[in-house]
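One structure is given below, encoded as structure tokens.
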Amino acid sequence: MKTYQKVLIGLVGIVFAFLLSVGIFVLTTASTARLDESKLRAPNRSVRMVASDGTDISGLGGYVEYEEIPIDLVNAFVAVEDKRYWDHNGLDFRRMVGATLANVKSRSVAQGASTITCQLVKNTQLDNSKTLTRKIKEAKMALEVEKEYSKEEIMEMYLNVIYFGQGLYGVGAAAQGFYGVKPAQLSLAQCASIAATVVNPSKYSPRLSPDNNRTRRNLVLDLMRQQGYIDEESCLAAKDVPIELVDETPDPYRSYRTNALQEAAQVTGIDAVHLIGGGYVIHTYCDPALQRRADGLYRQDLLSRALDGKTPDSM
């Protein structure tokens, strides 16, 4: 046997062994993934958080049924997050290939390939680690979810668990917290604004970063037009709508509530989404008088620094 033939056979053997090892790893990892269906659907009973003197310091919340979600909001999320949502089985292989090529070209993770179903799984079943093991489990669970639930059910569950920043979980809380209305009352522009937030709530929040939110909102509207969900006239009209938020009611307990929720999640092992929607009562050591005083001082400092053109320290 000639030398080059021996080398070729050796290379084929190495490649085969590598692929076999990868296959075994994938199958082994996938077999350990266990879908907990009880975590998929956020319960519809709002949490109560109680201060040391019995004062209710709960925030916004509430489960929203699919029938109560405006079609413009559904279409906005599909357009910007997962344009082949209604057609794939939980995994969008075309998007995965495109994202991989883009990431290789940029030598960074420039694009993601998570479908809405994958995002639902990630938010309710897994941690946020960026490992191959987690991605394999996520993919396997996403396929299971698609087999067990309709697209409408998956969308409903997804829209009730995603985080919009500032302690707002789910579209019900986001609609109330940003625009002071129920989801069914949201305008097209408001739907696009809310959909624009989830990719990075701190960067695209309509309250914290209205300019960024407006820019991405308009991108969402363009995508909705390109994908046939709205016409040119509606798109242009919605782009002209200013970002007008409901006045933010002073909430002296927001930061305390967020920290208490995180601590409760660590102690109980129940994720924040299911604590919020599970009808639990969380008793805290919060002293309402001291907390209101601390919040008032912080807001005074916030105002004085803003007038001086300075960035306030976070509290």
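Filter the range 147-181 down to the residues that are surrounded by 17 or more Cβ atoms within 10 Å (Cβ to Cβ), farther than 21 Å from residue 265 by Cβ and hydroxyl-bearing (Ser, Thr, Tyr) and list them by number. Answer for the range 147-181, where residues must be surrounded by 17 or more Cβ atoms within 10 Å (Cβ to Cβ), farther than 21 Å from residue 265 by Cβ and hydroxyl-bearing (Ser, Thr, Tyr): 149, 179. What's the total number of residues in the range 62-82 that are in a loop (DSSP other than H, G, I, E, B) and either crowded, with 16+ Cβ neighbours inside 10 Å or at pLDDT 95 or above (or both)? The qualifying residues number 6. Looking only at the range 164-174, residues that are free of Cβ contacts under 8 Å to residues at least 60 places away in the same chain and over 16 Å from residue 220 (Cβ atoms) come to 1 in all. Yes or no: residue 144 surrounded by fewer than 19 Cβ atoms within 10 Å (Cβ to Cβ), touching a Leu at 6+ places or on another chain (Cβ under 8 Å) and closer than 18 Å to residue 124 by Cβ? Yes, satisfied. Exactly one residue out of 95, 41 is part of a loop (DSSP other than H, G, I, E, B), modelled with pLDDT under 85 and of a type in the set (D, E, K, R), and it is 41.
Just checking, does the range 170-182 include any residue being part of a helix (DSSP H, G or I) and of a type in the set (D, E, K, R)? The answer is no; no qualifying residue exists. Looking at (1) part of a helix (DSSP H, G or I); (2) closer than 16 Å to residue 70 by Cα, which one does residue 230 not meet, given that it meets all the others? The failed condition is (1).
Does residue 220 satisfy the condition of being buried (at least 22 other Cβ atoms within 10 Å of the Cβ) and either touching a residue at least 24 places away in the same chain (Cβ under 8 Å) or among the polar types (S, T, N, Q) (or both)? Yes: the conditions hold for residue 220.
Note on the range 226-263: residues that are closer than 30 Å to residue 86 by Cβ and surrounded by fewer than 19 Cβ atoms within 10 Å (Cβ to Cβ) total 13. Go through the residues of the range 194-201 one by one and say whether even a single one is assigned to a helix (DSSP H, G or I), in contact with a Lys or Arg (Cβ under 7 Å, 6 or more places away or on another chain), touching a residue at least 24 places away in the same chain (Cβ under 8 Å) and not basic (Lys, Arg). Checked the range 194-201: at least one residue is assigned to a helix (DSSP H, G or I), in contact with a Lys or Arg (Cβ under 7 Å, 6 or more places away or on another chain), touching a residue at least 24 places away in the same chain (Cβ under 8 Å) and not basic (Lys, Arg).
The values are calculated or read from the model by the stated rules, or taken from the named source; none is laboratory data. Because the structure is a prediction, the values reported are computed rather than measured. Don't worry about glycine lacking a Cβ; one is built from the backbone with ideal geometry, like all the others, and counts go over all protein chains shown.
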